[in-house]
Amino acid sequence: MNRPKLSQPLPAGTIEDLPMGPSARAGHLIDVSSGMRTFRPVIDTEKCVNCLRCFLVCPDGAIDKSGENLEIDYDYCKGCGVCQKSCKIGAITMVKEGEA
Amino acid sequence: MEKLFVSGDEAVALAVRQAKPHVIAAYPITPQTIVVERLADYVEDGSLNSEYLYVESEHSAMSAVIGSAAMGARSFTATSSQGLLYMVEGLHYASGSRFPIVMMNANRSLAAPWNIYGDQRDSLSQLESGWIQLYVENVQEAFDTTIQAYKIAENADVMLPVMVNLDGFVLTHTYEPLIMTDQETVDKYIPFARYSNAMNLDDPVNTCITAGPTYNTEFRWQQQLATLKAAEVVDSADKEFGELFGRSYGGMVEAYRCDDAEVILVTIGSVTGTARVVCDAYREAGKKVGLLKLRCARPFPTEKIAAIVKNAKAVGVLERDISFGFEGAVFSDLNSALKQQNVNVPTYNYVGGLGGRSISKENIAEIFDALLSGKAEKPLEFINLRRDINYGA
Amino acid sequence: MALNAKTLPNEELFYGHKACGGCGGALAIRLALKVLGKRSIAVIPPNCMSTVAFIYPHMPLFVNGIIPPFAATAAVMSGVLAGARALGEEDFHVVGFAGDGGTSDIGLQSLSGSIDRNDKQIFLCYDNEAYMNTGIQKSGLTPYGTKTTNSPAGKNIHGSTSPKKRIFEIVAAHGIPYAATANVGYPEDFLMKLEKAKNCDGPSFIHVMAPCPTGWQTPSDSLIDIGKEAVDCGLWYLAEYENGEFKLNKNPKEFTPLKDYIRKQGRFSHLDENDLKHIEEERDATWARIRRDWVK
């Protein structure tokens, strides 16, 4: 899977170590988004024909197409269901968290 | 060195040309227009290689130089009164983001009522904006200080925007002799290096971002420290300028004949020149008066001022502004400084020159007389107020 | 090379942000950055996208980014461009991601100025049809009859009473080299327009509809479907302005029923038959005009 991960926390320091002015290195994640989810999408890789429609329309980019099969980054999937709606062959199911 | 006869505005444009900013954002407003006009001439004739942006408002002028400074480029803009107020959001933005922008401000009265002539309510109402604010006395100082402004702004411990203030019309449009500086020495004085907090195509940066309750205070503390530190740099930049070019202005403040002065008048801006003449005349007549020129209003030279005035019997502050319902901004700052330093000298506020009204030698003589007499009006006097209005008089 | 799901890069440049699930704005920015690439400088004014992406020290934007003052997106873009050019930078894109308010209301002055300056920058207006970041208030691009928190729908007034500003046409009237309307519901068309903007040698403008489940009161999974339906029922047209000419990308012979589109959204749930009639008449008048003027 080729998706950004939680970054190493910034090293502890003192007030002198703050950036000069409100700025930061781009691309630094201190939190995941999985807590926003009630349902999680599950891709049936047997059914999936790799049309990549779900990859295209995911607002969060949580579907990775780099491998042989599509993979969902569950750290950053919010369970919005846009992918499930977009799949024309029903290869994605929304499963309630805590059930599957 | 080349000697010219130019106006205050023209001097600023000449200085900016020597400072070689990468980006200039230009929007016209009386009495600053000559600055942006001359800069356009220099770009046209090839003597200045800057990106010259015709922006559609002052808010956009400040926003554009925020953008260019965020890329790490040396930037310049100029404005006055209504324009300064239109960009107030940007003033706080630039200082909070630590962008070393230099801006010339032509001090002009604020509407309403409308008035295009000089007073200092525009910049003195923005002392809270986080900008370093310098006030100059004459054309030569306008030129020299504009170059010094980059030295101060881009200092690694400061990295704050600097406003160079010229009194509208009385200084922006008055012609005086100017001795130029040579480009090579200016380049050595203010060499350019891309700013350390800039965005970077090879190592991306997110800037001007949000800092919530958890971190906001700490960013502000840093900003406060940097602004306080700027006091030393205003002094050292002026001193170094003096060593290289033979002219300096006392840094944050200039104490003129204050050593044994019984009364001291604090002035800010071009009226200092008039006050010097009166001060000399009074000294000639054996009266012990002194003049304290406030060159830098932010950061405020608390300790210096207290040390200069502590033995005086009375201190007057002459300024071209008022905070309605209270007093002049410089007066408030001075009183607070003296209280902090435990200096207990009676102080008096003289508000004059509003909306371009002249401040004459006679007006200043009256102030010195009042201070010397011990019968000065408290707490505040509008000098030269016309109590009888005679149309046609 | 046509841009589609297969040809787009896998790498994400806008990732880990706290936008609502199913957010049209997030998708618009995500796709735009995939097209424009890593050497982009994103200028994002106060709006949902900058709020969810820039809270120190959580930085979900993986390219250079700056929050400008609200009114000044295009002015800061001009400054960034001038600064980068003066410093000798090459091969980069300056792109703005402003919402409907940040484009057509408070942002209009600076947008106009940057087109006037012929600055080579891409201005993307992601339109969720209200000031969403502040909790759903009416903007200049809020359509007729929308319930927002400051245009409430009650007995006397049925939500907002003004039509959408014709921002695409206002921008086109500047003579901009390239402008387009788009919709996340038609993503391939959007990608095609992003590529044209990327290759445009001068200012470009894309007005992309970005449905907002929170503000529109639609299910979070309906993003693509509701966007597509807005186009199919005629309330959103897909068009371009290129080389001084308008072009309609899609000219439906028949529209899908307005009622279906309206009834799916909580923000329109109060509209009665008269309101629907008004909306239909306005839609028909718009299409009569643009067919007359833009279709050769």
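What to note about this one:
- Of all the criteria given as (1) among the hydroxyl-bearing types (Ser, Thr, Tyr); (2) away from chain B (no Cβ under 14 Å); (3) assigned to a helix (DSSP H, G or I), the one not satisfied by C:Thr146 is (3).
- Filtered by the rule that a residue be closer than 17 Å to B:Asn165 by Cβ and either part of a helix (DSSP H, G or I) or not hydroxyl-bearing (Ser, Thr, Tyr) (or both), segment B:263-273 gives B:Val266, B:Ile268, B:Gly269, B:Val271, B:Thr272, B:Gly273.
- Total residues in segment B:221-238, condition away from chain A (no Cβ under 12 Å) and loosely packed, with under 14 Cβ neighbours inside 10 Å: 1
- Residue within segment B:201-220 that is surrounded by fewer than 21 Cβ atoms within 10 Å (Cβ to Cβ), within 21 Å of the chain's Cα centre (by Cα) and outside any loop (DSSP other than H, G, I, E, B) present: no
- Qualifying residue in segment B:176-192 (condition: touching a strand residue (DSSP E or B) at 6+ places or on another chain (Cβ under 6 Å) and among the polar types (S, T, N, Q)): no
- Of the criteria (1) surrounded by fewer than 21 Cβ atoms within 10 Å (Cβ to Cβ); (2) modelled with pLDDT under 95; (3) among the aliphatic types (A, V, I, L, M), which one C:Leu87 fails: (2)
- Residue in segment C:181-190 that is out of contact with any strand residue (DSSP E or B) (no Cβ under 7 Å at 6 or more places or on another chain), at pLDDT below 95, farther than 16 Å from C:Asp127 by Cβ and among the charged types (D, E, K, R) present: no
- Put simply, of C:Ile106, C:Ile115 the only residue that is part of a helix (DSSP H, G or I) and more than 28 Å from A:Cys58 (Cα to Cα) is C:Ile115.
- Residues located in segment B:296-340, provided they are assigned to a loop (DSSP other than H, G, I, E, B) and buried (at least 16 other Cβ atoms within 10 Å of the Cβ): B:Pro299, B:Phe300, B:Pro301, B:Ala312, B:Arg320, B:Asp321, B:Ile322, B:Glu327, B:Gly328
- Unmet criterion (only one of (1) more than 16 Å from the chain's Cα centre (by Cα); (2) part of a helix (DSSP H, G or I); (3) not aromatic (Phe, Trp, Tyr)) for B:Thr146: (1)
- Filtered by the rule that a residue be touching a helix residue (DSSP H, G or I) at 6+ places or on another chain (Cβ under 7 Å) and surrounded by fewer than 19 Cβ atoms within 10 Å (Cβ to Cβ), segment A:22-52 gives no residues.
- With respect to the conditions (1) under 26 Å from B:Leu225 (Cβ atoms); (2) within 13 Å of chain B (Cβ to nearest Cβ); (3) not aromatic (Phe, Trp, Tyr), A:Pro11 falls short on a single one, namely (2).
- Looking only at segment B:53-112, and only at residues there that are part of a loop (DSSP other than H, G, I, E, B) and without any contact (Cβ under 8 Å) to a residue 60 or more places away in the chain, the one that is surrounded by the most Cβ atoms within 10 Å (Cβ to Cβ): B:Met87
- Residues that are assigned to a loop (DSSP other than H, G, I, E, B) and out of contact with any Asp or Glu (no Cβ under 7 Å at 6 or more places or on another chain) are absent from segment C:74-84 altogether.
- The set of residues from segment C:41-55 being in contact with a strand residue (DSSP E or B) (Cβ under 6 Å, 6 or more places away or on another chain) and either part of a loop (DSSP other than H, G, I, E, B) or within 7 Å of chain B (Cβ to nearest Cβ) (or both) comprises C:Ile41, C:Ile44, C:Pro45, C:Asn47, C:Phe54, C:Ile55.
- Of all residues in segment C:56-75 being more than 13 Å from B:Met199 (Cα to Cα) and either β-branched (Val, Ile, Thr) or more than 7 Å from every other protein chain (Cβ to nearest Cβ) (or both), the one that is surrounded by the fewest Cβ atoms within 10 Å (Cβ to Cβ): C:Phe70
- Qualifying residues in segment A:59-88 (those that are facing chain C (nearest Cβ under 7 Å) and basic (Lys, Arg)) - the one nearest to C:Asn183 (Cα to Cα): A:Lys85
- Taken over segment C:27-71, the criterion of being touching a residue at least 60 places away in the same chain (Cβ under 8 Å) and touching a Pro at 6+ places or on another chain (Cβ under 7 Å) is satisfied by C:Leu27, C:Leu31, C:Pro45.
- Counting only residues that are of a type outside the set (Asp, Glu) and either surrounded by fewer than 22 Cβ atoms within 10 Å (Cβ to Cβ) or in a helix (DSSP H, G or I) (or both), segment B:7-25 holds 11 of them.
- Single condition C:Lys247 does not satisfy, out of (1) touching a residue at least 24 places away in the same chain (Cβ under 8 Å); (2) assigned to a helix (DSSP H, G or I): (2)
- Test: residue in segment A:79-93 that is buried (at least 23 other Cβ atoms within 10 Å of the Cβ), touching a Lys or Arg at 6+ places or on another chain (Cβ under 7 Å) and not aliphatic (A, V, I, L, M): yes
The values are calculated or read from the model by the stated rules, or taken from the named source; none is laboratory data. This structure is a prediction, so every number in the text was calculated from the model and none was measured. Note: ideal-geometry Cβ built from the backbone for every residue, glycine included; neighbour counts use all protein chains shown.
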